[in-house]
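Visitor: Here it is, the structure in full.
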Amino acid sequence: MQLLLSNPLLILRWLALIGCAAASGQLLHALALPAGLFLGPMLTAIAFGVSGAGLRLHKQVFRFGQGCVGLMVAHSMSWTVLAALAQSWPVMLITTLLTVLLSAMVGLATVRYGGISAATAAWGTAPGAASAMVSMAEAHGADPRVVATMQYVRVVCVVMIGALVSHLLGAGDIASKALVPAASTPAVQLNQLLPCLAVIVIGITLAAKLPAGALLAPLLIGSALQLSGLMQIALPGWLLAFAYGAIGCYVGLRFDRATVRYVGSRLPTMIAGATGLIALCAGCAWLLAWVTGHDFLSMYLATSPGGLDAMAIIAVETHSDVGLVLAMQTLRLFAVIITGAFCARQIIRLAKA
């Protein structure tokens with residue numbers, strides 16, 4: 001804070017980022033693009049980061065944004081949704097295994113044809129838990145800068161393609177009618193807002209060490225309180241807009257000039273690998289939707305490789321099956337963390353064969 005106050009130019013950069021991020025988010029939202037309030041700030045932050053603005057959003061702001069999204073999703077949970085999820089566990093398990101297998105195949109292809117080292121590609125193509133993968137990659141001797149870039153390039157591709165697919169399937173017309181109709185209300189009373197903020201703060205504090213814990217803990221606590229009738233979740237639209245923007249700016253600002261210069265020659269390979277994995281997962285989603293009778297958009301969002309918070313935002317805004325999307329994304333998140341080291345060893349072994 002002291003550094004910020006002593007540097008007027010830095011203050012102006014932050015004000016410019018906030019103003020441009022808010023304007024771009026509102027513009028995309030007005031154009032009926034699903035997750036526009038998230039996508040606009042993310043693209044704006046990428047532009048600021050690559051242009052050399054030198055800004056970094058504090059991780060606690062990002063975690064607070066995740067907590068808001070988690071509580072928003074908790075509003076969609078009901079006993080009916082939980083019963084439906086309990087019946088869908090075979091589909092969720094098969095889909096999780098397929099996604100992990102496909103990501104390993106893409107990682108191996110990246111090594112063979114993209115010129116990226118086996119250890120780095122193995123961690124960089126893991127479908128989810130970006131921050132955890134970067135930490136684990138560094139501990140196993142991979143280049144954390146390339147792994148981080150691969151992870152966040154995939155997140156950007158997943159968000160943009162997910163928003164586009166949702167728009168093409170007609171979900172944008174639903175998303176344009178309200179920010180989040182289920183959880184957001186025009187006027188939230190203070191006695192409704194304070195318990196929600198308390199759940200968010202308690203959740204992100206208790207789950208500080210867990211991957212995606214800032215999203216999952218408020219989701220679980222809020223769901224339990226709502227299902228028991230102890231709390232009614234109601235979040236003001238401005239708070240959700242702030243949460244979307246915080247998550248988008250945090251992801252976007254991870255791309256700075258030095259990182260892009262360092263991995264510049266590898267960026268085409270990273271983008272090709274990310275889009276290839278998305279396309280393979282989309283094919284699996286189509287097959288599973290046909291077999292199970294679920295709608296394609298819900299299954300597509302559920303199988304998209306990474307971006308748990310982003311997929312939650314798009315799922316809620318497009319009135320998809322939020323329970324299915326969050327359950328499958330969360331299951332894969334923990335599967336990736338548990339199997340990450342094993343998959344990395346296998347990719348390295350096969351790359352040397």
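Readers should treat all values here as calculations from the given coordinates under stated rules, not as data from a laboratory. Computed from a prediction, not measured in an experiment: that's the story for all the values here. Positions of Cβ are backbone-derived with ideal geometry, glycine not excepted, and every protein chain shown enters the neighbour counts.
Visitor: Using 0.36 nm per residue, how much length does the chain from residue 79 to residue 208 gain when fully extended, once their Cα-Cα distance is taken away?
Guide: 43.6 nm
Visitor: In addition: In which sequence would 72, 270, 150, 77 go, from the one with the fewest C-beta neighbours within 10 Å to the one with the most?
Guide: Placing the least packed residue first, the sequence is 77, 270, 72, 150.
Visitor: Counting other C-beta atoms within 10 Å, which of 266, 332 has the fewest, and how do the rest follow?
Guide: 266, 332
Visitor: Next up: Report the calculated FRET efficiency for residue 295 and residue 228 (r = Cβ-Cβ distance, R0 = 30 Å), to the nearest 0.05.
Guide: About 0.50, to the nearest 0.05.
Visitor: Still on this structure, please answer the following. What's the exposure ranking of 117, 265, 103, going from fewest to most Cβ atoms within 10 Å?
Guide: Fewest-to-most Cβ neighbours within 10 Å comes out as 265, 117, 103.
Visitor: Which value, in debye to the nearest 20, describes the size of the charge dipole of the chain about its Cα centre when Lys and Arg Cβ atoms bear +1, Asp and Glu Cβ atoms bear -1, and nothing else is charged?
Guide: 1000
Visitor: Return the FRET efficiency for the residue pair residue 197, residue 10: r is the Cβ-Cβ distance, R0 is 51 Å, and the value is rounded to the nearest 0.05.
Guide: 0.95
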